[in-house]
Structure formats: C-alpha cells, structure tokens
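For reference, the structure is listed below as structure tokens.
The values are calculated or read from the model by the stated rules, or taken from the named source; none is laboratory data. All values derive from a computational prediction rather than experimental measurement. Quick reminder, even Gly has a Cβ in these numbers, built from the backbone with ideal geometry, and neighbours come from all protein chains shown.
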Amino acid sequence: MASTIKLEIVTPDRVVLSEDVEYVGVPGVMGQFGVLNNHIPFLSALSIGSLYYKKGGGTHYVFVSGGFAEVTGDSITILAESAERAEEIDVERARKAKERAERRLREQRDNIDFNRAKAALMRAIQRINTKERVGM
C-alpha cells in the first residue's frame, strides 16, 4: 500500500475535505506543485484553480479560490477563501457568472471594478473546468 498524507481543505464556512490521500496537486501562485508523504515543510499562496488528489486508484478534483497551503511531513492543509468538490459545482450557475463577468468587462463603464470582474471571470472558468475534469 502506498504511503498517505492527510489532506484537509478548510474554508471560513466549513471543512470541505479531510482524508488520507496518496498525492495532492495544488494550484500555487507560482505554478502547480505536487505533494507526497514526507514532503519538506513549506507554505504557499494559492491561485484560483483545480486542486486534485489521488486516492484508491482514482483522481478527485476540488475547485479552490485563493488562500494558502501549509505542508508538513505528513499533512497538507488548504486554507481557502472558497472551495467546492467537483460534484458540488453547479455548472449552470458558473456559466451565468461567467457571462455576467464577461459582460461587465465588455461594458467598460467607469463604475466597474475591472479587477473584481476579472477575478469573477477566472473563478467561473475554473469552476467549469473543474467540473469538466470529472465529466459533467
């Protein structure tokens, strides 16, 4: 049996996941990084994207939006602003959010916060991508 690492994904609202897994792929701000058991300890800021983990021969996906990853030798804790397991993602809601953000970016009005609209667009796109990885 492969050695495992404890993966915990926590948001301000809830514990999204707490499981022993074989591997974790994380979207860091400097790029994707992977974590196995006995990894060197470190802290990284998270990007908006798909985190994935391997367990029991399967690959599972979780959308994460911002936050931090803390890696110790036997655990990785994800403290995310928001996170959703792929099966929890409402694709229709994400598509509507994507359309709203694209419309706001096209309008170019003075009262539009472009950074906020861009972030909303990125979150919507990554939610859709995460869901597509598991086959809607």
Looking at (1) outside the structural domain of D13 (by TED's automatic domain parsing); (2) among the aromatic types (F, W, Y); (3) at pLDDT 90 or above, which one does F42 not meet, given that it meets all the others?
(1)
Every residue from region 1-47 that is of a type in the set (D, E, K, R) and in contact (Cβ under 8 Å) with a residue 24 or more places away in the chain
K6, E8, E19, D20, E22
In region 63-95, which residues are surrounded by fewer than 16 Cβ atoms within 10 Å (Cβ to Cβ) and aliphatic (A, V, I, L, M)?
V91
Quick test for you: out of S65, S18, pick the one residue that is in contact with a strand residue (DSSP E or B) (Cβ under 9 Å, 6 or more places away or on another chain), within 19 Å of L79 (Cβ to Cβ) and at pLDDT 95 or above.
S18
Please return the ranges of strands (runs of 3 or more DSSP E) entirely within region 1-103 where 3 or more residues are acidic (D, E) and closer than 19 Å to E132 by Cα.
none
Of the residues in region 23-44 that are under 14 Å from the mean Cα position of the chain (by Cα) and farther than 19 Å from R127 by Cα, the one that is surrounded by the fewest Cβ atoms within 10 Å (Cβ to Cβ) is G34
